[in-house]
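A.B. asks: Before we start, here is the structure in question, set down as structure tokens.
The values are calculated or read from the model by the stated rules, or taken from the named source; none is laboratory data. From a predicted model like this one, the values you see are computed outputs, not experimental measurements. When we count neighbours, we look across all protein chains shown, and the Cβ atoms used for this are built from the backbone with ideal geometry, even at glycine.
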Amino acid sequence: MQYAFPLITVLIWAVNTAVTKASAGVIFPAEIGFYRWALAGLLFTPFMIKPVWANRAAIKPLLGKIFVLAVLGTAMYQSLAYFAAGLTTATNMGIIQSLVPMMALGLSIACLGNHLTSGALLGAILSFAGVVVVVSAGNPAQLIEHGVNRGDAMVLVAAASYAVYSTLLKKWQLRLPPLQLLYVQILLAILVLLPPFILSSKTGLNASNIPMVLYAAIPTSMLAPWLWMTSIMRLGPSRTTLFFNLMPIATALIAAATLGEQLALYHLIGGALTLCGVVLAERWTTPLRSKAR
């Protein structure tokens with residue numbers, strides 16, 4: 001039963017990637033990005049405003065750091081995915097996003113003093129090779145000639161922003177209840193996303209895009225974070241993070257079933273390399289250099 005928490009979370013995220021892709025052409029990226037968090041904030045408010053206000057003395061000194069987290073992990077990460085959706089496939093998005101644990105591990109080694117391990121080094125090489133295979137559609141030579149697809153590049157930047165978010169979250173160790181931290185991040189993200197929303201073209205809410213906004217706001221923005229935090233408390237961070245590796249597989253299957261995306265051989269090869277690299281980095285933790293005796 002405990003494994004249901006991370007499994008359902010990954011399924012919600014995978015479906016959200018397909019929803020993100022489906023939103024292209026139905027609603028402008030800045031619109032759905034704003035509506036999503038505005039609705040989540042509105043629905044959270046009746047439950048969270050009282051405890052957050054009661055804890056305002058502890059929250060106020062941390063607002064600067066929470067703002068940075070809100071920009072990186074709440075506003076920037078998903079907004080870039082919405083802008084990328086019209087330029088790449090959901091399958092590519094799922095595979096590239098699976099790099100987040102590897103990027104976070106690399107940042108932990110660089111910024112938090114974690115030891116470089118054999119698994120991290122070899123895993124980084126495998127994961128990088130996997131992403132090159134995917135973004136080049138199986139022909140790495142064309143990257144030199146044509147460069148990276150803009151949509152894939154946006155997803156790479158989004159993945160990097162979430163990896164930085166995860167690293168800062170670990171480094172700062174903000175001593176706030178998780179749901180309070182999430183709620184304040186959402187409120188700050190709404191402020192960040194408001195100017196792009198005002199300046200953006202509008203399609204308005206309609207029968208085609210309202211279900212997408214509802215899914216992005218409720219299961220993805222409210223339920224998934226709670227399930228993931230519950231999983232970390234029950235299973236621990238290491239075992240919970242392993243379930244993130246199911247993301248590219250789940251996304252590819254859902255995209256094929258709902259969007260009609262075709263799985264090419266390069267998706268399978270690139271996805272397998274990326275997945276093997278991430279798992280290797282997480283499980284093979286032998287330090288690259290042993291301490292001198």
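A.B. asks: Output the residue which, of all residues in the stretch 257-274 that are more than 21 Å from Ala129 (Cβ to Cβ) and free of Cβ contacts under 8 Å to residues at least 60 places away in the same chain, is surrounded by the fewest Cβ atoms within 10 Å (Cβ to Cβ).
C.D. replies: Residues of the stretch 257-274 more than 21 Å from Ala129 (Cβ to Cβ): 257-262.
Now restrict to residues that are free of Cβ contacts under 8 Å to residues at least 60 places away in the same chain: 257, 260, 262.
Values: Ala257: 10, Gly260: 7, Gln262: 10.
So, considering only residues that are more than 21 Å from Ala129 (Cβ to Cβ) and free of Cβ contacts under 8 Å to residues at least 60 places away in the same chain, the one surrounded by the fewest Cβ atoms within 10 Å (Cβ to Cβ) is Gly260.
A.B. asks: Filter the stretch 208-234 down to the residues that are polar (S, T, N, Q) and under 15 Å from Gln180 (Cα atoms), then identify the one that is surrounded by the most Cβ atoms within 10 Å (Cβ to Cβ).
C.D. replies: So in the stretch 208-234, the residues polar (S, T, N, Q) come out as 208-209, 220-221, 230-231.
From what is left, the residues that are under 15 Å from Gln180 (Cα atoms) are 221, 230.
Numbers: Ser221: 24, Thr230: 16.
Filtering the stretch 208-234 for residues that are polar (S, T, N, Q) and under 15 Å from Gln180 (Cα atoms), the one surrounded by the most Cβ atoms within 10 Å (Cβ to Cβ) comes out as Ser221.
A.B. asks: Within the stretch 231-255, how many residues are outside any loop (DSSP other than H, G, I, E, B), within 21 Å of Met1 (Cα to Cα) and not hydroxyl-bearing (Ser, Thr, Tyr)? Quick ask: steps written out before the conclusion?
C.D. replies: Pass one, the stretch 231-255, residues outside any loop (DSSP other than H, G, I, E, B): 231-235, 237-255.
Applying the additional criterion that residues be within 21 Å of Met1 (Cα to Cα) yields 231-235, 237-247, 250.
Subset that is not hydroxyl-bearing (Ser, Thr, Tyr): 232-235, 237, 239, 242-247, 250.
Final tally of qualifying residues: 13.
A.B. asks: Within the stretch 187-216, count every residue that is hydrophobic (A, V, I, L, M, F, W, C), touching a residue at least 12 places away in the same chain (Cβ under 8 Å) and more than 24 Å from Ile59 (Cα to Cα).
C.D. replies: First, pick out the residues of the stretch 187-216 that are hydrophobic (A, V, I, L, M, F, W, C): 187-194, 197-199, 205, 207, 210, 212-214, 216.
Of the ones still in play, those that are also touching a residue at least 12 places away in the same chain (Cβ under 8 Å) are 187-190, 192-194, 197, 199, 205, 212-214, 216.
Those still in the list that are more than 24 Å from Ile59 (Cα to Cα) too: 197, 199, 205, 212-214, 216.
Result for the stretch 187-216: 7.
A.B. asks: Could you please tell me which pairs satisfy a Cβ distance under 7 Å, a separation of 6+ or placement on different chains, a first residue in the stretch 74-92 that is touching a residue at least 12 places away in the same chain (Cβ under 8 Å) and farther than 14 Å from Ser221 by Cα, and a second residue that is of a type in the set (Gly, Ala, Ser) and outside any helix (DSSP H, G or I)?
C.D. replies: Within 7 Å, the pairs are Ala85/Ala24; Gly86/Ala24; Gly86/Gly25.
A.B. asks: From Thr45, Thr9, Thr74, which residue is surrounded by fewer than 16 Cβ atoms within 10 Å (Cβ to Cβ), in a helix (DSSP H, G or I), out of contact with any strand residue (DSSP E or B) (no Cβ under 9 Å at 6 or more places or on another chain) and not aromatic (Phe, Trp, Tyr)? Spell out how you get there, then give the answer.
C.D. replies: Details: Thr9 fails: surrounded by fewer than 16 Cβ atoms within 10 Å (Cβ to Cβ); Thr74 fails: surrounded by fewer than 16 Cβ atoms within 10 Å (Cβ to Cβ).
None of the others qualify; the one that does is Thr45.
A.B. asks: Tell me yes or no: at least one residue of the stretch 21-39 is over 14 Å from Ile190 (Cα atoms), at pLDDT 90 or above, among the hydroxyl-bearing types (Ser, Thr, Tyr) and touching a Phe, Trp or Tyr at 6+ places or on another chain (Cβ under 9 Å).
C.D. replies: Yes, there is a match, as at least one residue in the stretch 21-39 is over 14 Å from Ile190 (Cα atoms), at pLDDT 90 or above, among the hydroxyl-bearing types (Ser, Thr, Tyr) and touching a Phe, Trp or Tyr at 6+ places or on another chain (Cβ under 9 Å).
A.B. asks: Could I ask something else about it? Residues being farther than 17 Å from Ile12 by Cα and among the aliphatic types (A, V, I, L, M): count how many of those fall in the stretch 70-95.
C.D. replies: Counting residues in the stretch 70-95 that are farther than 17 Å from Ile12 by Cα and among the aliphatic types (A, V, I, L, M) gives 9.
A.B. asks: Take Ser79 and tell me if it is closer than 29 Å to Val184 by Cα, part of a helix (DSSP H, G or I) and modelled with pLDDT of 90 or more.
C.D. replies: Working: closer than 29 Å to Val184 by Cα: yes; part of a helix (DSSP H, G or I): yes; modelled with pLDDT of 90 or more: yes.
Yes.
A.B. asks: Of all residues in the stretch 82-101 being in a helix (DSSP H, G or I) and more than 14 Å from the chain's Cα centre (by Cα), which is surrounded by the fewest Cβ atoms within 10 Å (Cβ to Cβ)? Explain how you work it out, then say what you get.
C.D. replies: Step one: of the stretch 82-101, the residues in a helix (DSSP H, G or I) are 82-84, 90-97, 100-101.
Subsequent filtering for residues that are more than 14 Å from the chain's Cα centre (by Cα) retains 83, 91.
On the way: Phe83: 19, Thr91: 27.
For the stretch 82-101, the residue satisfying everything is Phe83.
A.B. asks: Having 1 or more residues that are of a type in the set (A, V, I, L, M, F, W, C) and either modelled with pLDDT under 90 or touching an Asp or Glu at 6+ places or on another chain (Cβ under 8 Å) (or both) is the bar; report the helices (runs of 4 or more DSSP H) wholly within the stretch 144-230 that clear it. Explain how you work it out, then say what you get.
C.D. replies: Numbers: elements: 150-172, 178-199, 210-215.
Helices (runs of 4 or more DSSP H) meeting the threshold: 150-172, 178-199.
A.B. asks: Also: So which of Leu7, Leu43 ends up being touching a residue at least 24 places away in the same chain (Cβ under 8 Å) and closer than 24 Å to Ala252 by Cα?
C.D. replies: Working: Leu43 fails: closer than 24 Å to Ala252 by Cα.
Testing whether each residue is touching a residue at least 24 places away in the same chain (Cβ under 8 Å) and closer than 24 Å to Ala252 by Cα leaves just Leu7.
A.B. asks: Examine the stretch 259-270 for a residue that is at negative phi, under 15 Å from the mean Cα position of the chain (by Cα) and either at pLDDT 85 or above or of a type outside the set (S, T, N, Q) (or both), and state whether such a residue exists. It would help to see each step written out before you state the result.
C.D. replies: Residues of the stretch 259-270 at negative phi: 259, 261-270.
From what is left, the residues that are under 15 Å from the mean Cα position of the chain (by Cα) are none.
Within the stretch 259-270, none of the residues are at negative phi, under 15 Å from the mean Cα position of the chain (by Cα) and either at pLDDT 85 or above or of a type outside the set (S, T, N, Q) (or both).
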